[in-house]
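The values are calculated or read from the model by the stated rules, or taken from the named source; none is laboratory data. Note that the coordinates shown come from a computational prediction; the quantities given were computed from them, not determined experimentally. Reconstructed Cβ throughout: ideal geometry from the backbone, glycine too, with neighbour counts over all protein chains shown. Ligands, DNA and RNA are excluded from the accessible area calculation, which covers all protein heavy atoms including side chains. Shrake-Rupley method; radii C 1.70, N 1.55, O 1.52, S 1.80 Å.
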Amino acid sequence: MNGGRSQVYALDARTYCDPDVYQRERQSIFGREWLLLGHERELAKPGDTVAGTIAGFPLFVIRGKDGRLVAFHNVCRHRAGILVEDGASHCAAIRCRYHGWLYDLDGRLQRRPGFAEDDAFDGAALSLYPVKVESWRGFVFVNLDAAAGPLAAGLGDLATATADLAIERYAFHARKSFDLAFNWKTYTDNYLEGYHIPYMHKGLAADLDMASYRVENGEQVSIHRASPKGGGAYGGLFLWRWPNNTIGVYGAGFNICRILPLSSDRLELVFDFYFDPDAGLSDAEKDRAAATTCGVVAEDFPMCEVVQRNLAAGVYTSGPLSPRHEQGLAYFHSRVRGALAGETT
Ligand code: FES
């Protein structure tokens, strides 16, 4: 006990290293939560698709002929070939790259070349594996769990935390991604505390009033605020949403990041940068702003790699979290523990 409050400890080191734990996380976290896959600007007309892999689940969303979004596992019903290449593209019908099976935009199998001409088959029975899809302020989320509740519940307090942010008015500028050699939670832990900022980010620390740094956990979110100092680029609002998104708000824009696990010790970070078109920034200025953000984020990568190695070394098991600085981690870790224990939320 500490001052009447229970001391909260970090997740066990094995949670960050064990491939079996990662497989359990795939099912109990990424197989059940609403996951950001793309943006409606990439899905303007019927046949427009966005595909990507999240925690080993290949997925795509497509604008149907009726104008509605539908989403599927990017896995052919024949022998598991790929249907849509990663990224944004367009197709009049969904054709498997392996043996040419053809699906309609609603996922129903239309043709399977090479089978007997009188071959009768039930196209609906061989439909693509469906995935739930919903949009929030232009961002397209998918959920692999057919029993999942609505996206609004999955967003929790993100909606109110971003109510004053004119998301729809901001224009996409650029995407930056990083392939990194540590666990997705090692990165998330790092994002979820400002404790390290004075030691690891001298430039960022100079732009923020660190004494004002506050963390507030809400439903599905951890909200970090720090008053920006005059002349700095930062808006002083940093959001994290369970399980794998962050939003950083700046003076003339914001970035939204997807934290994408690749294995127990690798992840990809994908940042999309948006800017206020009325802010009068040139493309070069936007590039510099995005590069500054990426530079700050990258300052943590070497430490995250070291932490990952130390977590795997078999000496450290867990340590106490600061009630003042690391309550964001405490919430995140409680969600991971709950998910691995099979708790529903
Ligand atoms: Fe798709 Fe064979 S795996 S057509």
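Quick notes on this structure:
- Number of residues in the range 166-187 that are within 26 Å of E285 (Cα to Cα) and open to solvent by less than 20 Å² (accessible area, probe 1.4 Å) equals 2.
- Filtered residues of the range 11-48 (kept if assigned to a strand (DSSP E or B) and more than 21 Å from D145 (Cα to Cα)): D48
- Given (1) touching a helix residue (DSSP H, G or I) at 6+ places or on another chain (Cβ under 8 Å); (2) more than 24 Å from A211 (Cα to Cα), number of the condition M303 does not satisfy: (2)
- Selection from the range 1-58 of residues that are more than 20 Å from W240 (Cβ to Cβ) and aliphatic (A, V, I, L, M): M1, A13, V21, L43, A44, V50, A51
- Residue within the range 156-165 that is closer than 22 Å to R337 by Cβ, charged (D, E, K, R) and either open to solvent by less than 30 Å² (accessible area, probe 1.4 Å) or modelled with pLDDT of 95 or more (or both) present: yes
- Looking only at the range 67-76, and only at residues there that are free of Cβ contacts under 8 Å to residues at least 60 places away in the same chain and open to solvent by less than 30 Å² (accessible area, probe 1.4 Å), the one that is farthest from the ligand (Cβ to nearest atom): F72
The rows are residues; the columns are (1) under 22 Å from R26 (Cβ atoms); (2) among the hydrophobic types (A, V, I, L, M, F, W, C).
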| site | (1), (2) |
| --- | --- |
| E40 | no, no |
| A44 | no, yes |
| T49 | no, no |
| G56 | yes, no |
| A71 | yes, yes |
| R77 | yes, no |
| I82 | yes, yes |
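- Tally, over the range 77-130, of residues that are away from the ligand (no atom under 16 Å from the Cβ), outside any loop (DSSP other than H, G, I, E, B) and of a type outside the set (G, A, S): 2
- Taken together, the residues in the range 14-66 that are touching a residue at least 60 places away in the same chain (Cβ under 8 Å), of a type in the set (V, I, T) and open to solvent by less than 10 Å² (accessible area, probe 1.4 Å) amount to 5.
- Inside the range 294-343, residues that are over 25 Å from S6 (Cβ atoms) and either crowded, with 17+ Cβ neighbours inside 10 Å or within 21 Å of the chain's Cα centre (by Cα) (or both) make up a count of 12.
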